[in-house]
Amino acid sequence: MVESRRIRLKTNGNCDIIDITGRVANEIEQSPINNGIVTVFAIGSTAGVSTIEYESGLLSDFKDLWDRLIPVGMGYKHDRAWGEGNGHSHLRASVVSASLTVPFNAKRMALGTWQQIVYVDFDNRPRSREIVLQIIGE
């Protein structure tokens, strides 16, 4: 069986990290599927999904990592082509990935104690975002 669901959210951009674990768990709970996998897919090319320990120090470290790895304002060719100044956003999102698959049994995701699912908006402005969940199983 396959169920498709959507999560909508508003983001602040600029490496906004949002814990969506509870929302994904709620969608699994509401589905008729007890055992399977859920794929979490970020629609758009300037955001991604991952797992992390959602703790303030680590969240700050995560944001600092991106400033060192793919800095803002480095004269990206994409910025010259479109003039939006978000070339770094596209690059960061491509490294994180647009999707994540998590197994679940008895409607409970197989996540570690300190492991949360996060949506990261790398764009340079606030946005309305949408996430697709594909729940597959029995």
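We did not get these values from a lab; they are worked out from the coordinates using the rules stated. On a predicted model such as this, the values are computed, not experimentally measured, just so you know. When we count neighbours, we look across all protein chains shown, and the Cβ atoms used for this are built from the backbone with ideal geometry, even at glycine.
Annotation for region 10-31 versus region 88-130: alpha-carbon center distance of 8 Å. Here the Debye sum runs over all C-alpha atoms of region 1-68 as equal scatterers in vacuum, and log10 of I(q)/I(0) at q = 0.11, 0.16, 0.19, 0.20 Å⁻¹ comes out as -0.34, -0.68, -0.89, -0.95. Note on region 62-106: the alpha carbon radius of gyration divided by the globular reference 2.2 N^0.38 Å gives 1.56. Relative to its residue count, region 2-137 spans a Cα convex hull of 97 Å³ per residue.
Per the Debye formula on identical point scatterers at the alpha carbon atoms of region 72-138, with no solvent, log10 I(q)/I(0) at q = 0.14, 0.16 Å⁻¹ is -0.61, -0.72. Note on Leu111/Met74: beta-carbon distance plugged into 1/(1 + (r/R0)^6) with R0 of 35 Å gives a FRET efficiency of 0.50.
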